[in-house]
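Colleague: Handing you this structure, nothing more for now.
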Amino acid sequence: MRYFGRMTTITTPLSKKLGLRYPIVAAPMFLISNKEMIVAAAEAGILGTMPSLNARTAEAFEADLAWIRSKTDRPFGINVTIGLTAPERLARDVELCLEYKVPVLLTSYGNPTEITKQAHAHGTTVFHDVIHLRHAKKAEAAGVDGVIAVSQGAGGHAGLIIPYVLVPYLKEQLSVPIIAAGCISGGAQVAAALALGAEHAYIGTRFIASQECGAVDRYKAMVVDATHEDVVYTDAVSGIHANFLKESIPEATTADRSPAAAKRWKDIWSAGQGVSLIKDVQPIAVIVDNIVREFHDATARLRQ
Ligand SMILES: Cc1cc2nc3c(=O)[nH]c(=O)nc-3n(C[C@H](O)[C@H](O)[C@H](O)COP(=O)(O)O)c2cc1C
């Protein structure tokens, strides 16, 4: 199949609600996502995001929001890591998101009830990260607009349930939309996620290997060179199970549950099993175009 010009839009009810060309989120990554990635993703027709904590201070975060607002009028999202953020900083970051009319808040590591109430009063959409049904039910009861189903093999903190089960199971059990996260590196996997009942694909690791990403070149190269065999699932880095590139973990690493352990994410590099399918560092616009082309190729193959 060949494409000329802008590629055909892919829509789901959720992508229409958010005003996106494609039902894809460039997922928030601690120390990795930045304002440049948000703008490039927004201009490519997907939802760019970053954790508010990627700005060192609330003042720096506000400057980032103002910069993003000056560069694009397309939707974007901000991740607030509830249990991992000092309460004052959390409150200020949420306040800033509402003041700057950030269209989507992504909540993780905690109870999203209060933030969801505040967000809804300002017309902001909220998605919450989950790895199993119990947390998904709590998030639904908290009133969130969708749950992010983080499957086995995902970059960052990941669960143990494979997406073939997690996505359709949560869809069956909940009435809010499901966003599929974990190991999605290409368009065939986006098609698979939508076929399983998800309304968005949530993609992290693929975007580490993007030109706009500020990760050091060696990290990007490791993502390109690695396969799933180079990824280890361990709680020895920060006390919570997550996937890391084996080569970046020093021998002496032991489980450390202190907040200081979070700093280790700078030197010990997280990535998901989707690394096996990542071959190049490319601009976000090219990554998105390739994913969309692969999506259309995959769905065309199903109709042959
Ligand atoms: C380096 C890295 C850092 C991450 N940091 C966060 C974070 O701060 N907050 C969050 O909600 N998710 C975080 N995640 C998880 C991603 O948002 C997303 O769920 C995950 O990357 C999807 O799986 P994939 O990497 O296999 O595409 C992180 C993932 C990676 C790879």
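Colleague: Could you tell me which trypsin sites (Lys or Arg not before Pro) in the stretch 57-109 are loop residues by DSSP with no more than 14 other beta carbons within 10 angstrom of their beta carbon?
Modeller: Sites meeting the loop and neighbour criteria: K101.
Colleague: Quick check on my link table: of K138/K171; K246/K266; K137/K266; K101/K171; K101/K137; K16/K101, which ones sit more than 24 Å apart, alpha carbon to alpha carbon?
Modeller: K137/K266; K101/K171; K101/K137
Colleague: If each residue of separation counts as 0.36 nm, what is the full-extension length gain between D297 and E88 once their alpha-carbon separation is subtracted?
Modeller: 70.4 nm
Colleague: Going by a ≥ b ≥ c, the root eigenvalues of the Cα gyration tensor, does the stretch 164-304 fall in the rounded group (a/c under 1.5), the prolate group (a/b larger than b/c) or the oblate group?
Modeller: oblate
Colleague: Taking a ≥ b ≥ c as the square roots of the Cα gyration tensor eigenvalues, with a/c under 1.5 meaning rounded and otherwise prolate when a/b beats b/c, else oblate, which class fits the stretch 68-210?
Modeller: Judged from the Cα gyration tensor, the stretch 68-210 comes out prolate (a/c at least 1.5, a/b above b/c).
Colleague: Once fully extended, how much extra length lies between E99 and E59, figured as 0.36 nm per residue of separation less the alpha-carbon to alpha-carbon distance?
Modeller: Gain in length upon complete extension: 13.1 nm.
Colleague: Which translational diffusion coefficient, to the nearest whole µm²/s, is obtained for the chain from the Stokes-Einstein equation, given a Kirkwood hydrodynamic radius over C-alpha pairs, 37 °C and 0.692 mPa s?
Modeller: 171
Colleague: Please label the shape of the stretch 159-199 as rounded, prolate or oblate, based on the square roots a ≥ b ≥ c of the eigenvalues of the alpha-carbon gyration tensor (a/c under 1.5 means rounded; beyond that, a/b larger than b/c means prolate, else oblate).
Modeller: It is oblate, given that a/c is not under 1.5 and a/b is not larger than b/c.
Colleague: Say each of S70 and L277 gets a label point 7 Å from the Cα, pointing the same way as Cα to Cβ; how far apart are those two points in nm?
Modeller: Taking the two extended label points, one gets 3.8 nm.
Colleague: While we're on this one: For the chain, what's the relative contact order in percent, using C-alpha pairs closer than 8 Å and at least 6 residues apart?
Modeller: Answer for the chain is 17 percent.
Bear in mind that the values in this text are calculations on the coordinates, not laboratory data. Every value quoted in this text rests on a predicted model; they were computed, and no experiment measured them. Ideal geometry is used to build each Cβ from the backbone, glycine not excepted, and the neighbour counts take in all protein chains shown.
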